[in-house]
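Enquirer: Got a structure for you, written out below as structure tokens; questions coming shortly.
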């Protein structure tokens, strides 16, 4: 029987009404998606329950439970809300947490259909404004993905993992890719290729900013390859995307299944009018004396990098403290978001080597390892450690290892050899059958343990680091015999390349850098392609090259890798503040630093060598600068110390690999021009960083004094092979006369005079280069 308010076409079967029994909550009545059935609903929600018809017998199996009332499937806007609000699908909820100002909002209802994704968002206070974090509505097939908005700058970041683990290795298999889409600023490439291709240098630097603070938070034994992808989808020209990208990556990692130890966030700190500003705008940064990028957890610092105009160590520490307060608030808000929508961490996927393997490696290699670590020269020490490692691998992976306890253990007694038979006893006339005592066959060969080669290599590396740290703490001597504050011998020479405009060879221990300076006119400037729709160029740039021959190895050569780009930018930022103004020295300056030997601190050797080469080229720098790398052994109590962190000056490569910190500081005896810090453990505190900065200042003073002993000294005059630039001023309205129609006048001047180039600018400045 039909309901009077329902009209069915003659050819319509009763199936549309049977669909009302389906528990699918996405069915909408009177929906245009079912036009073939011609179903027209005119009843109100209070009368629609009359439409529920009983199912026919042949479909009874599809209806095991009684159908709920129809109004339960209607949108909430059509049903009167109950007195007590419940969290239901399609509604919105607001969650408050005590002790934080962040508020997580799960958006649904009108913002997402009942079958669509649920978007979680939270506003986090950063500096004088808020950033908006959104997740759950985009990139749902990734392990985690977030959209972070600062102003109108939007950064999208995703984290994905491989389905199966990779082979165990001594580093976490993580890759980071960051890209600034030109479409984010409403632009497209001006070249032939309109699609973004190879990462630009500043994009590589942001990749390193993301990677370096995340890596120390990854647990040992987790070998699932992890990839972090970050794109700038919108850029307003005011809020920089790099610090937003660091925070976005930390949030995505915290929401994913990757079992990282702690949540990280990143901020930028500027100093304007002696006041520190958190995440300053691009306009504010033009007047800032400091550009500090830092990342950390709610309790410690993991990474800092930046440059400044020779600020004191005390000012830099105050800036770091300001940034740590901001990072702590961001991390607390992220933790609230993780509790709401974070995924379960894959802690069970952590695969560590057997615990007894550490003891076995120490038993086999202990004495020989101590002797190998006492070798002062790098290459012989490396070969001795490599030979010892092969010996340990052969014993533990091929021959099998017999523990000392098993070799010197007591001989089995009779109770171990004789075994009484209890299972097959035969009882006759109430007595046990004779012959029920048997001799148990016992192998006289000791049990040999075998371990995988990968595990042995991993453990050997950890044991070697442990022994090196113990030697530094207990013996108060490093591998090359120095004390903690002592620097390696320094030697420097200038003018070693006769045809170069300026050259210097700087040697510190087994680290050596050959710096070469080339001078040119405006045509030699390096163009920069950024999101801002302006043509930018750099009149000073430093290029760092690290060939495999510098460490006595065979490897790939070609385009610069990420490490070379990062080290080159650090040295460039260290030298740039001491260069003269363009009005006083109108040259484009290119510095090449080729590392010919390396045993730690090669980027700081590039600073020292580059400074000497600039003087040799006749560049009137304001004053000399130098750089030094500092190390750290954080837990000295483990090796019999008093627990006070041990700061190491001028670290070598092995101390960098086995230590807990790599802090590079450049500047003069009065202030700092550039800095970079990487942490191997989960953060250091401000007192430890203060001690390292003060010790680094003493090291810079010593290096600057040694650079004054350079022999031969810098020329401090222009090379006869360098171009000569003459600057003159004319009236701005006369510039067109110099250029001529279509540039004919200036071309004829070049041809007749032999001048290399003429640069006529709108302000009346004319530069002639020959």
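The values are calculated or read from the model by the stated rules, or taken from the named source; none is laboratory data. Just so it is clear, the model here is predicted, and its values are computed rather than measured. With ideal geometry, Cβ positions are generated from the backbone for all residues, glycine too; neighbour counts draw on all protein chains shown.
Enquirer: Can you tell me which of 284, 324 is in a helix (DSSP H, G or I) and either touching a helix residue (DSSP H, G or I) at 6+ places or on another chain (Cβ under 8 Å) or free of Cβ contacts under 8 Å to residues at least 12 places away in the same chain (or both)?
Expert: Details: 284 fails: either touching a helix residue (DSSP H, G or I) at 6+ places or on another chain (Cβ under 8 Å) or free of Cβ contacts under 8 Å to residues at least 12 places away in the same chain (or both).
So the residue among 284, 324 that is in a helix (DSSP H, G or I) and either touching a helix residue (DSSP H, G or I) at 6+ places or on another chain (Cβ under 8 Å) or free of Cβ contacts under 8 Å to residues at least 12 places away in the same chain (or both) is 324.
Enquirer: Among (1) on the phi < 0 side of the Ramachandran plot; (2) assigned to a loop (DSSP other than H, G, I, E, B), where does residue 716 come up short?
Expert: Among (1) on the phi < 0 side of the Ramachandran plot; (2) assigned to a loop (DSSP other than H, G, I, E, B), residue 716 violates only (1).
Enquirer: Restricting to segment 751-765, name every residue that is under 13 Å from residue 724 (Cβ atoms), touching a helix residue (DSSP H, G or I) at 6+ places or on another chain (Cβ under 9 Å) and either part of a loop (DSSP other than H, G, I, E, B) or assigned by TED's automatic domain parsing to the domain that holds residue 588 (or both).
Expert: Listed by number, the residues that qualify are 755, 756.
Enquirer: What do you reckon, is residue 384 within 29 Å of the chain's Cα centre (by Cα) and in a helix (DSSP H, G or I)?
Expert: Judged against the criteria, residue 384 is not a match.
Enquirer: Which ones in segment 606-629 are touching a helix residue (DSSP H, G or I) at 6+ places or on another chain (Cβ under 8 Å) and surrounded by fewer than 24 Cβ atoms within 10 Å (Cβ to Cβ)?
Expert: Scanning segment 606-629 gives 621, 622, 623, 624.
Enquirer: Moving on. Restricting attention to segment 496-506, report how many residues are surrounded by 20 or more Cβ atoms within 10 Å (Cβ to Cβ) and part of a loop (DSSP other than H, G, I, E, B).
Expert: Final tally of qualifying residues: 2.
Enquirer: Could you name every one of the strands (runs of 3 or more DSSP E) located completely within segment 616-713 that has at least 3 residues being in contact with a strand residue (DSSP E or B) (Cβ under 9 Å, 6 or more places away or on another chain) and within 26 Å of residue 475 (Cα to Cα)?
Expert: In segment 616-713, 626-633, 646-649, 661-667 are the strands (runs of 3 or more DSSP E) which contain 3 or more residues that are in contact with a strand residue (DSSP E or B) (Cβ under 9 Å, 6 or more places away or on another chain) and within 26 Å of residue 475 (Cα to Cα).
Enquirer: Can you say whether residue 244 is in contact with a helix residue (DSSP H, G or I) (Cβ under 6 Å, 6 or more places away or on another chain) and under 21 Å from residue 156 (Cβ atoms), as far as the supplied structure shows? It would help to see each step written out before you state the result.
Expert: Values: in contact with a helix residue (DSSP H, G or I) (Cβ under 6 Å, 6 or more places away or on another chain): no; under 21 Å from residue 156 (Cβ atoms): yes.
In short, no.
Enquirer: Sticking with this structure for a sec: Suppose the filter is farther than 21 Å from residue 203 by Cα, in contact (Cβ under 8 Å) with a residue 24 or more places away in the chain and under 24 Å from the mean Cα position of the chain (by Cα); does residue 620 pass it?
Expert: no
Enquirer: Still on this structure: Run residue 645 past the list (1) closer than 27 Å to residue 211 by Cβ; (2) buried (at least 20 other Cβ atoms within 10 Å of the Cβ); (3) in contact with a helix residue (DSSP H, G or I) (Cβ under 9 Å, 6 or more places away or on another chain) and report the number of the one that doesn't hold.
Expert: (2)
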